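Scroll down for the structure; my scribbles are underneath it.
Every read-out reported here was derived from the displayed coordinates using simple, explicitly stated rules and does not represent laboratory data. Owing to the predicted nature of the structure, the values given are computational and were not obtained by experimental measurement. Glycine also receives a Cβ, built like all others from the backbone with ideal geometry; neighbour counts cover every protein chain displayed.
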Amino acid sequence: MKENSCVNKVMLMGRIIKEPRWHVSGGERILCFSLLTIEQIGREATTTHTETHDIKIGERLINVHDLNKGALVYVQGRLQTQQFTDEQAIRRYRTFISAQSVNLITV
């Protein structure tokens, strides 16, 4: 690997916790949803760590159309951070997963 090479890769498997919603950004429809992951820590898995991730995926990249609240999905993508200014003129940042693929897991 080259000395100046970088990697921005995310792989997550979890459950959709809110109904996905469509937004339009730059003329493209984007599907947005929240994904809950639960990591079990320790040998007996007595401790867990839960995390909520904001996921965004372009309409042309979606290969599954049955994404609903409660669905178990595998997401591959990259981290992306957006800067914005809130109502009090304070600069804020929002980090989300820009998905490249979303696959429905059936059990």
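Structural remarks
- When only alpha carbons are used to place a centre, the range 89-107 and the range 57-84 end up 6 Å from one another.
- Per DSSP, loop GluC sites (Glu not before Pro) in the range 1-104 with at most 16 further Cβ within 10 Å: Glu3, Glu44, Glu87
- Here the chain is treated with +1 on each Lys and Arg Cβ and -1 on each Asp and Glu Cβ, and its dipole about the Cα centre works out to around 160 debye.
- At q = 0.16, 0.22 Å⁻¹, base-10 log of I(q)/I(0) for the chain (Debye sum, equal scatterers on each alpha carbon): -0.83, -1.20
- Considering only trypsin sites (Lys or Arg not before Pro) in DSSP loops that have at most 16 other Cβ atoms within 10 Å, the longest stretch of the chain without any of them is 70-107.
- Taking label positions 7 Å along the Cα-Cβ direction at both Asn103 and Asn68, the computed distance is 2.3 nm, reported to one decimal.
- Karplus 3J(HN,Hα) series, Hz, for the range 27-32 with 6.51 cos²θ - 1.76 cosθ + 1.60 (x for Gly, Pro): x, 10, 7, 10, 8, 10
- Total formal charge among the other residues, if their Cβ is under 14 angstrom from that of Glu28, Lys/Arg +1 and Asp/Glu -1: +2
- Among beta bridges identified by DSSP and lying wholly in the chain, the antiparallel ones come to about 95 percent.
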